[in-house]
Every structure is written in C-alpha cells, then in structure tokens.
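Q: Structure incoming, see below.
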Protein chains: 2
Amino acid sequence: MTTSEANFSTAEYQDRVSRTQAEMAARGLDLIVVSDPSNMSWLTGYDGWSFYVHQCVLLGAEGLPIWWGRAMDVSGAQRTVFMPYDHILGYDDSFVQNPEKHPMSDLAGWIAYNGWHQGRIGVELDNYYYSAKAHLSLLDHLPEARFQDSTGLVNWQRAVKSPQEITYMRRAARIVERMHATILEEAEPGMRKNDLVARIYATAIEGADGHWGDYPAIVPMAPSGLDATAAHLTWDDQPLRRGESTFFEIAGAHRRYQCPQSRTLFFGQPPAHYLEAEEAVLEATLAGLAVARPGALCEDVARAFNTTLNARGFEKDSRCGYAIGISYPPDWGERTMSFRRDDKTELKPGMTFHFMPALWLNDGGLEITEPILITEDGCACLTETPRTLYIKD
Amino acid sequence: MTTSEANFSTAEYQDRVSRTQAEMAARGLDLIVVSDPSNMSWLTGYDGWSFYVHQCVLLGAEGLPIWWGRAMDVSGAQRTVFMPYDHILGYDDSFVQNPEKHPMSDLAGWIAYNGWHQGRIGVELDNYYYSAKAHLSLLDHLPEARFQDSTGLVNWQRAVKSPQEITYMRRAARIVERMHATILEEAEPGMRKNDLVARIYATAIEGADGHWGDYPAIVPMAPSGLDATAAHLTWDDQPLRRGESTFFEIAGAHRRYQCPQSRTLFFGQPPAHYLEAEEAVLEATLAGLAVARPGALCEDVARAFNTTLNARGFEKDSRCGYAIGISYPPDWGERTMSFRRDDKTELKPGMTFHFMPALWLNDGGLEITEPILITEDGCACLTETPRTLYIKD
C-alpha cells in the first residue's frame with residue numbers, strides 16, 4: 001500500500017470480487033481477463049499511469065484476483081492492490097512496445113500455469129486497452145481455450161455505488177463546484193483561454209474542503225464561439241471575447257472517482273435565441289430529473305427530457321446522460337447505461353449519472369449539466385453549482 | 001480550421017500523406033485504417049478529445065485522407081483537418097457505446113462505397129484505439145478484404161521531424177524547463193504533493209515565452225520516498241518530507257508536441273549511495289549522448305550508457321530512451337525506436353528522443369533525463385534544465 005490509507009477496505013474489494021465471480025458463474029466463465037484500468041482498479045485497488053503498456057487482472061471462478069503487468073510496475077502494484085505479493089506477476093521489459101515479441105505470450109503462459117488454458121475465458125473485446133493484436137496473440141497461444149466477449153461485465157458490477165464510493169463522488173463534486181466558481185470569478189474578456197484553463201486545472205488538483213484533487217479522466221474541453229459548435233475541442237491561446245459563449249466541460253476527481261459537470265459562459269448580452277435555448281434546456285432538465293427515480297428506465301429520462309425540449313422547438317439527437325464513477329482516461333463515463341431511446345436499464349438507488357443535456361447550436365454550444373445520484377425515492381444533484389447560463393459583462 | 005492558424009501548411013500535410021502512401025505501395029496496401037490519434041493528427045491535422053469513441057482516418061493508395069468519426073465530432077474535424085468537407089464522414093450517435101451495434105459496420109460500408117472492400121487493408125492491430133472488437137467487426141463486414149498488420153507504419157513516417165515540428169518541440173522544451181523551475185522554486189517540506197502538482201500543471205498550461213501550453217499526453221508522475229520505487233504512481237496529498245526524494249516525470253506540450261523531462265528533488269542531505277547513483281547516471285548519460293549521432297544505432301546509445309553505468313556498480317534493465325514527438329494519451333512516446341539492446345535503427349538528423357536513464361533503487365527513484373534532437377553531427381539537448389539532482393534544505 002502507499003503511504004496514504006487504502007481507498008477501500010479489503011472486505012469491500014472481496015465483495016466486489018464475489019459479485020463479479022457470481023456473474024462469471026452465470027455466464028459459465030472460468031476466467032476473465034480484465035484490461036480496463038477502471039475495472040482493474042475497482043477489483044483490486046491498482047493505481048498508476050501504466051496502462052500505455054499491456055497489463056490486466058486475471059480473475060478465476062474462485063480465489064483472489066491476480067495482477068499482471070510490466071515488471072517495472074510490480075512495485076506500484078505491491079503498493080496499491082489488496083492481494084498478497086504472490087498475486088502480482090511482472091513481465092520482462094523486452095516485451096514493451098517490441099514488434100518482435102508480444103507480452104500476451106507471457107500472459108498465456110501464466111494462464112496455462114493456472115490451469116485455465118482449456119477453459120472458457122472472458123475478454124474485454126471492445127476496451128481501449130485490449131488491442132486487436134493482444135487478442136490475436138492470446139488466441140494463438142491458447143488454442144484450446146474458448147473465448148467469450150465479456151466487455152462490460154465488470155463495468156456493470158460497478159453501477160450501484162457503495163457508501164464509500166458515494167463519499168468520494170461527493171468530494172469530487174465539491175471540487176468541480178470550486179472549478180466552476182473559479183471560472184466565474186476569473187474569466188475576463190481578453191484573457192487567453194489557456195491561462196483560464198491553467199487556473200481551472202490548478203483548482204482541480206488543489207481539491208476542495210481539504211480533499212485532494214486527482215486527475216480528471218478527460219482534460220477540460222472549453223471551446224468558444226464557432227469552435228463551440230464542435231463537441232470535443234480542448235483549448236488554445238485565443239482570447240475570450242465579448243459577445244461570444246464558451247462552454248466548460250470539466251470534472252472534479254478524487255481517488256479516481258469522477259464528477260463531471262458543464263457550464264456555459266457568455267460575455268455581454270446573449271442573443272434572444274440563445275436565451276430561449278437556455279430556458280428550453282433548463283425546463284427539459286427539470287422534466288428529466290423528475291422521472292429519474294428507482295424503477296424508472298434510462299429511456300424514460302431521455303423521453304421526458306426530449307419531449308419537453310422538442311415542445312420548445314429544440315432538438316438533441318445524442319444521448320442526454322451516461323453512468324459515471326471511477327475512471328481512467330480516455331473516458332470518464334462507465335460505458336454501460338445511457339439516457340437514450342431503447343435503453344431499458346432500470347434505475348436503482350446508488351447509481352450515479354452525468355445528466356448531460358448539451359446542445360450544439362449552429363452558432364455555438366450550450367452545456368448546463370448535472371451529475372446526479374439516484375436515491376431511495378428520486379434523485380439528488382451532487383453539486384450546488386448554480387444551474388444557469390453564466391453571463392458576465 | 002479553428003480561429004487559430006493551422007499547425008502546419010497544407011503542403012506539409014500533403015508531403016506526409018505522400019510519404020505514407022509510398023510506404024503503403026511498398027507493402028502492397030490499398031488502404032490503411034489509421035486509429036492512433038497521433039497518426040490521425042499528423043496526417044490530417046485532426047484535433048479533439050474524441051478518441052474515447054471509435055474513429056479513424058482512411059488513406060487509400062492515392063488521393064486525400066478521409067476522416068471518419070462520430071457525427072458529433074464532424075464539426076471538430078471541419079475546424080481542424082486540411083481536407084475539404086466532403087472528406088469528412090460522421091456516424092449516428094446510436095452507435096456510441098452500444099453493445100447492439102458497432103460503429104465499424106458503418107465504416108465497412110464506407111470502405112465498400114470507395115471500392116476498397118476487396119483490397120488489401122492495413123490496420124493498426126496493436127493500437128489502444130483499435131480494439132479487438134473493432135477488428136472482428138471489420139473482418140465480419142468485409143469478408144473479401146485481406147487484412148495486414150500496419151501497426152507503426154505511420155508512426156515510423158513521423159520519426160524525422162520537419163523544421164516546423166522542431167519549432168514546436170522547442171517551444172514545449174521551454175515549457176518543461178519552466179515547469180522544473182517552478183518545482184525548484186516552490187517545493188517545500190510539508191507542502192501537500194497535490195498542491196505542488198497544481199502549480200506544475202498551471203505552469204504547463206500557461207506555457208512559456210508567449211507560447212501556450214497544451215495538455216501533456218501523460219499526467220505528472222511524482223512519487224516520493226518508497227513510493228518512488230514504483231515507476232508510474234501519480235500523486236496524493238501526502239506532504240513532501242525532509243530526508244526523502246521525489247522524482248517528477250513531466251512533459252511540456254505545445255500543439256500536441258511533447259517534450260518530457262524528469263528531475264529528482266531531495267530535501268536535506270542525500271545518503272551517500274544516492275549521490276553515487278547520481279554520479280553514475282550523469283557519467284553514463286554523457287557516454288550515451290556522446291554516441292547519439294547520425295549513423296549510430298539505437299542499441300549503440302544503450303550500450304554506451306549501460307557499460308558506463310555498470311562500471312559504476314549500477315544496473316538498469318529497462319530501455320534508456322524512446323522516440324518522442326506529437327502525441328495523445330495514454331503515451332507520449334512514438335512507439336517505434338527504443339534505446340535498448342537489439343534495436344538496430346539508425347539515427348538520423350531530425351529524430352527526437354527522450355533519453356531516459358531512470359533508476360528505481362530499492363529505497364527510492366532517481367530520474368535525471370534529457371529530451372534530445374539528433375543533429376547533423378551529434379545531438380542537442382532540447383532544454384537547459386540543470387542536469388543534476390535537485391537538493392533543497
């Protein structure tokens with residue numbers, strides 16, 4: 001363990017492992033190869049920016065998980081995971097980014113050593129950190145195994161948050177509140193965009209209420225004016241301008257838990273249609289939040305939101321929310337449920353979402369969003385960031 | 001294009017495309033599917049934090065590249081790529097993170113539409129952003145195509161930097177110099193680690209010499225004391241302590257070009273063996289830099305470094321450097337050449353590397369590293385950051 005306390009009790013990790021193994025049993029899986037860093041961390045506590053090389057957690061039908069990665073990162077694993085040292089395996093540095101030898105050949109050896117080579121193996125086929133080559137290499141080295149797509153298997157176990165996880169989400173919420181307050185306080189016409197982002201970043205990492213800020217899984221997205229018709233531009237050094245809107249899609253993070261929230265800033269008097277869009281989004285947001293309660297389906301939230309928005313003459317053709325929790329780059333979403341048509345997932349207490357009713361208009365973007373927690377009888381916004389278009393003179 | 005000027009001239013992009021097409025011809029490829037965001041950006045100018053969804057650049061044997069991605073990101077592509085709008089294709093939002101339908105089925109349709117479906121297609125099999133599922137989906141939808149591994153094909157074209165690229169690397173070098181100066185100035189015993197990282201980050205994004213800072217492709221790694229025996233821990237809120245070392249592995253970035261550099265800070269009087277390690281590393285660094293010149297091989301640099309280091313009684317079993325340039329998370333390396341045994345790549349003027357002679361000792365880490373440029377007759381360090389162990393009282 002690191003010099004700080006562990007993020008969760010061993011009992012909590014054990015419980016996560018047991019629930020995951022129950023789902024594996026239901027699918028007839030003898031082993032899962034967990035490559036998603038968020039899933040690796042959730043199952044074992046592993047932390048470190050080492051996911052640019054191949055690594056994974058092996059979890060069998062019973063017993064503790066095994067961490068496998070680059071030998072250089074074994075020490076990091078020893079300092080962060082809850083398992084004993086003999087559940088940590090490292091491969092030689094000559095396997096790193098070397099077209100001549102793939103680290104999956106080493107992993108296949110360990111899978112065989114543990115007797116899983118003739119078993120049914122779940123792999124996260126559609127994860128960033130399980131490349132096509134990694135899969136082909138495993139297939140090649142384990143000809144007797146039967147492979148099954150287990151993308152999302154662990155992600156779904158993460159959907160309902162524990163009390164300790166909710167505590168971390170709330171700390172991250174305090175941080176993103178402070179980040180938006182920083183923007184409102186410090187942004188001025190003429191200020192270089194990157195100087196403002198520098199201030200946002202510093203606030204994010206200082207943290208709030210005595211709790212330190214971790215790195216958000218996505219960097220601040222902060223496009224202005226016509227650039228804000230694009231959803232995922234980051235920043236440059238162009239000055240903030242009067243008569244222009246800028247949206248800030250940012251997250252606070254604490255111990256890898258992410259609390260994203262967006263606000264939009266306008267210098268001067270916004271055009272009438274922009275204020276109409278704000279009014280429509282705010283009304284549609286209330287409609288969406290009103291149905292976000294245990295028993296409702298994800299699509300119900302989207303329908304309530306879209307019906308209200310459409311009645312006001314605006315349209316949004318992308319999802320208006322997604323599950324959030326622990327995360328590593330490149331995404332702060334959990335990649336399970338979305339608020340959109342045909343998502344029949346039932347909401348349960350303890351689920352957390354980024355309710356994300358962003359509009360990208362022809363002449364700029366409008367993002368006023370809410371991280372929410374499903375409670376026993378409805379939902380709660382995690383922040384008290386004022387829900388409005390920020391207007392400064 | 002964005003409101004800022006383009007990062008490179010259209011002629012430079014055209015030249016990159018032509019060189020890549022020449023290599024494709026040499027390998028008999030009719031089409032490459034380029035999923036690596038760094039390669040996408042280098043070939044077309046595309047920028048945006050959208051790589052958490054499937055996207056790529058299609059490049060045929062002749063003609064301009066085609067950008068393909070989420071419909072929401074088409075506007076971002078229109079504002080950043082050098083090609084005309086009819087070379088930008090978007091897919092419907094219902095494909096996003098939806099287990100029922102994979103976006104590669106849409107891409108396969110475009111590949112067929114362009115007549116490439118019976119061709120020889122190169123794919124980046126071992127890239128983060130080309131998942132196993134993406135590959136299986138393409139195979140499934142393009143049964144007549146022949147697939148070939150083209151991991152690294154574009155990366156290798158990037159190895160020798162253009163004058164404009166070197167200008168951006170030098171600006172990033174000024175930024176990382178300033179980041180290290182910030183550490184030396186502001187770090188004090190008792191300071192929370194995250195507060196120091198907040199200052200480092202702010203400096204990174206403010207930039208230097210009037211040039212704005214972009215986000216580094218890896219967040220600061222800054223472990224102290226025993227945590228620094230681990231290579232890739234990030235930070236927490238533990239205070240900096242007297243009698244303890246902390247290494248800072250950080251990068252300055254400008255327009256996505258990355259200049260990584262590490263330094264190590266010690267409060268108080270370092271133990272004798274730690275100073276011996278410093279002396280050994282500095283001497284071995286000089287030995288490595290002395291052979292880093294056009295005509296030498298990557299392994300020659302590693303051999304010179306390791307021979308000198310071993311003579312001093314220290315060992316390093318991982319590579320001591322790798323190519324750098326334009327990059328997106330999760331890695332700031334180019335994933336081509338490394339300074340290590342058996343890498344026979346010949347050094348050429350215009351190549352850039354992170355010479356990375358880090359030692360992870362049993363009781364702490366020592367990193368004093370140099371970003372370098374291979375020149376006509378040797379190599380040049382890109383920064384003037386003092387090459388020494390930082391000692392503060």
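The values are calculated or read from the model by the stated rules, or taken from the named source; none is laboratory data. The model shown is predicted, which means the values in this text are computed figures rather than measured ones. Because the Cβ atoms are built from the backbone with ideal geometry, glycine has one as well, and the counts that use them run over all protein chains shown. Calculation scope for accessible area: heavy atoms of the full protein, side chains included, ligands and nucleic acids excluded. Shrake-Rupley method; radii C 1.70, N 1.55, O 1.52, S 1.80 Å.
Q: If one takes the longest principal axis of the Cα atoms in chain B, at what angle in degrees, from 0 to 90 and to the nearest 10, does the Cα axis of helix B:10-26 lie?
A: Between helix and principal axis, roughly 80 degrees.
Q: To test your reading of the geometry: what angle, between 0 and 90 degrees and rounded to tens, separates the Cα axis of helix A:163-186 from the longest principal axis of chain A?
A: So the inclination is approximately 40 degrees.
Q: Residue by residue, what Karplus-based ³J(HN,Hα) values in Hz, rounded to whole numbers, does segment B:58-68 have, using 6.51, -1.76 and 1.60 with θ = phi - 60° and x for Gly and Pro?
A: 9, 10, x, 5, 9, x, 7, x, 10, 8, 10
Q: OK, next. Rounded, prolate or oblate: which fits the protein assembly as shown, taking a ≥ b ≥ c as square roots of the Cα gyration tensor eigenvalues, rounded meaning a/c under 1.5, else prolate when a/b beats b/c?
A: Since a/c stays below 1.5, the shape of the protein assembly as shown is classed as rounded.
Q: Also: Can you give the accessible area buried between chains B and A, summed over both chains, with a 1.4 Å probe, in Å² to the nearest 100?
A: 6500 Å²
Q: Another question about this same structure. To the nearest 20 Debye, how big is the dipole of the protein assembly as shown about its Cα centre, given +1 on the beta carbon of each Lys and Arg and -1 on that of each Asp and Glu?
A: Its charge dipole is roughly 160 debye.
Q: Using a 1.4 Å probe over the heavy atoms of the protein chains, calculate the carbon and sulfur portion of the accessible area of the protein assembly as shown as a whole percent.
A: Reported share for carbon and sulfur atoms: 49 percent.
Q: Another question, if that's okay. About the Cα centre, and with charges only on the beta carbon of Lys, Arg (+1) and Asp, Glu (-1), how big is the dipole of segment B:10-157? Nearest 20 debye, please.
A: Value, rounded to 20: 100 debye.
Q: Which whole-number value in Å² is the accessible area per residue of the protein assembly as shown, probe 1.4 Å?
A: Result: 33 Å² per residue.
Q: From the square roots a ≥ b ≥ c of the eigenvalues of the alpha-carbon gyration tensor of segment A:87-150, which class results: rounded (a/c under 1.5), prolate (a/b over b/c), or oblate?
A: oblate
Q: My understanding is that a pair violates if its Cα-Cα distance is over 22 Å; which of A:K316/B:K101; A:K161/A:K348; A:K161/B:K193 do that in this structure?
A: Listed pairs above 22 Å: A:K161/B:K193.
Q: Using θ = phi - 60° and the Karplus form 6.51 cos²θ - 1.76 cosθ + 1.60, what ³J(HN,Hα) does each residue of segment B:217-233 get, whole Hz, x for Gly and Pro?
A: 6, 10, 6, x, 9, 8, x, 10, x, 5, 4, 6, 6, 9, 7, 10, 6
Q: At B:A290, label 7 Å along Cα→Cβ: distances to the other copies, nm, ascending?
A: 7.9
Q: Run the reach check for A:K392 against aspartates and glutamates, Cα to Cα strictly under 13 Å, same-chain hits fewer than 8 apart removed. What comes back?
A: Excluding near neighbours in sequence, the set is A:E185, A:E186, A:E188, A:E244.
Q: Given H placed 1.01 Å from N in the peptide plane, which residues other than close sequence neighbours of A:L361 have an amide H under 5 Å from its amide H?
A: A:L366
Q: Shortest first and in nm with one decimal, please list how far the A:P99 label point sits from its counterparts in the other copies (point 7 Å along Cα→Cβ).
A: 3.6
Q: Another question, if that's okay. With the dipole of segment B:163-392 worked out from charges on the C-beta (+1 for Lys and Arg, -1 for Asp and Glu) around the Cα centre, which of B:L373, B:F266, B:L389 lies farthest toward the positive end?
A: B:L373
Q: Sticking with this one: May I ask you to list the GluC sites (Glu not before Pro) in segment A:231-323 that are in a DSSP loop and have at most 13 other Cβ atoms within 10 Å of their Cβ?
A: A:E315
Q: Determine ³J(HN,Hα), in whole Hz, for all residues of segment A:343-357 in sequence, where each value follows from phi through the Karplus function 6.51 cos²θ - 1.76 cosθ + 1.60 and θ = phi - 60°; x replaces Gly and Pro.
A: So the J values, rounded to whole Hz, are 8, 9, 5, 7, 6, 9, x, x, 6, 10, 9, 9, 7, 10, x.
Q: Can I ask one more? Shape of segment B:150-232 from its Cα gyration tensor (a ≥ b ≥ c, root eigenvalues): rounded if a/c is under 1.5, otherwise prolate when a/b > b/c, or oblate? Could the numbers behind the result be given before it?
A: On the way: a/c = 3.10, a/b = 1.53, b/c = 2.03.
It is oblate, given that a/c is not under 1.5 and a/b is not larger than b/c.
Q: Hey, for B:E346 with labels 7 Å out along Cα-Cβ, what do the inter-copy distances come to in nm, ordered shortest first?
A: 6.9
Q: With a 1.4 Å probe and all protein chains kept in place, how do A:L286, A:L233 rank by accessible area, largest first?
A: On the way: A:L286 105, A:L233 15 Å².
Output order, biggest surface exposure first: A:L286, A:L233.
Q: Please check: in the Gaussian network model of chain B (C-alpha springs, under 10 Å), which one of B:D73, B:D317, B:D237 has the largest mean-square fluctuation.
A: Its mean-square fluctuation being the largest, the pick is B:D317.
Q: Hey, another quick one. So what is the calculated 222 nm ellipticity per residue for chain A, using -39500 (n - 2.57) for each DSSP H run with n of 4 or more, over all residues, to the nearest 500 deg cm²/dmol?
A: Calculated from helices alone, the mean residue ellipticity at 222 nm is -10500 deg cm²/dmol.
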